[in-house]
Amino acid sequence: MSNVKFQMSKVIGVSLFVLLLVVSFWATKTSAAPGEIFEDDFETGNLSKWTSFDTGWTTPKHAGTAYSGDYKAKATGSAEVSNAALVKNVSSSGYENIKLTYWWRTGGNWEAGDILLVEWTADGSTWQTLQTISDGNETTTYTPGSYDLGSDANNNNLFGIRFVATLSASDEVFYLDDVKVEGDAIGGEPTPTPTVEPTVTPTPTVEPTLTPTPTPTEELTPTPTEEPTPTATPTPTPPGKPSYWQWFRDYMRAIFEYQREMFRRIWG
Ligand SMILES: [Ca+2]
Ligand SMILES: [Ca+2]
Ligand SMILES: [Ca+2]
């Protein structure tokens, strides 16, 4: 019994230890993404994270046409959708090696003049093109876009990105999901590393607290159960046989004495 208890507490101790390891590993993973300057997976169901967006840009819910989750940004063609921009001005101050990533696909048959431009700015007004999607580049498979921007993008509070659509008909669409702007913190990445280590170090505190507890339970439980059981067996003393009556009397007395002794031991 007590050995089982001891084994149980060992198991609990080990699982707590493993849990702590997992938690601290998870903490490492989450804090290890320090360079995120901007991200939108559009799961808010709106474009509120963006600086501005022109007519044609929406976030309809439909998991089948999203890259992640249920939502993506969508540009739907119409007569008004000419240079329709989805813009994000975001300061990259404190970061270098700026990188823009996103996932995109198209819908419908684009023609000459249907176009989508992916651009970025270092001064807030001059835009440089990173990618041009036009007639012939249509794909219904989500495709990654990934661009390392120049040093002008570093540590810059005028930094911005935009997606500009010119699509003439309602069946000509562009889907955008999981947009991310990342960079390296200027002056190294010491910030995530110390946060990890303290979380791991407290783990030994679990082991000592658990190991001493089973020892007293082992000693105490068996002691009371052992004592009464053996004492009952030795007492019965069979009587001798002088004459018949004498023997009978002695025999009855012996039984009586035996019972009295037994009662005394059990109840009193
Ligand atoms: Ca999404
Ligand atoms: Ca086409
Ligand atoms: Ca068209």
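The values are calculated or read from the model by the stated rules, or taken from the named source; none is laboratory data. These figures come from a predicted structure and were not determined experimentally. No Cβ is skipped: glycine too gets one built from the backbone with ideal geometry, and neighbour counts run over all protein chains shown.
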Query - Top-ranked residue of region 101-142 - restricted to ones that are under 33 Å from the mean Cα position of the chain (by Cα) and assigned to a loop (DSSP other than H, G, I, E, B), ranked as surrounded by the most Cβ atoms within 10 Å (Cβ to Cβ) - result: Tyr142
Report summary line: Condition set within 16 Å of ligand 3 (Cβ to nearest atom) and among the aliphatic types (A, V, I, L, M), scope region 95-127, selection farthest from Ala185 (Cα to Cα): answer is Ala112
Report summary line: Note: among Ser68, Ser92, just one is touching a helix residue (DSSP H, G or I) at 6+ places or on another chain (Cβ under 7 Å), part of a loop (DSSP other than H, G, I, E, B), more than 19 Å from Phe53 (Cβ to Cβ) and at pLDDT 95 or above, namely Ser92
Report summary line: Over region 107-121, the set of residues within 16 Å of ligand 2 (Cβ to nearest atom) and not acidic (Asp, Glu) is Gly107, Gly108, Asn109, Trp110, Ala112, Gly113, Ile115, Leu116
Report task. State whether one or more residues within region 171-194 are farther than 18 Å from Leu47 by Cα, within 16 Å of ligand 3 (Cβ to nearest atom) and either touching a helix residue (DSSP H, G or I) at 6+ places or on another chain (Cβ under 6 Å) or in the same structural domain as Val90 (by TED's automatic domain parsing) (or both). Result -> yes
Report summary line: Only one of (1) at pLDDT 95 or above; (2) assigned to a loop (DSSP other than H, G, I, E, B) does not apply to Ala85, and that is (2)
Query raised in the report: Inside region 41-65, can you point out the residues that are in contact (Cβ under 8 Å) with a residue 24 or more places away in the chain, assigned to a loop (DSSP other than H, G, I, E, B) and not charged (D, E, K, R)?
Result: Phe42, Thr44, Gly45, Leu47, Trp50, Thr51, Thr55, Gly56
Query raised in the report: Residues in region 152-165: is at least one away from ligand 3 (no atom under 16 Å from the Cβ) and within 16 Å of Thr55 (Cβ to Cβ)?
Result: yes
**Report entry** Single unsatisfied condition, Thr166 versus (1) crowded, with 16+ Cβ neighbours inside 10 Å; (2) within 26 Å of Tyr95 (Cβ to Cβ); (3) modelled with pLDDT of 95 or more; (4) more than 16 Å from ligand 1 (Cβ to nearest atom)
**Finding:** (2)
Query raised in the report: Within region 144-160, can you find the residues that are more than 16 Å from ligand 1 (Cβ to nearest atom) and under 14 Å from Thr132 (Cα atoms)?
Result: Ser146, Tyr147
Query raised in the report: Given the residues Gly113, Gly160, Gly107, which is the only one that is assigned by TED's automatic domain parsing to the domain that holds Lys74, on the phi > 0 side of the Ramachandran plot and modelled with pLDDT of 95 or more?
Result: Gly113
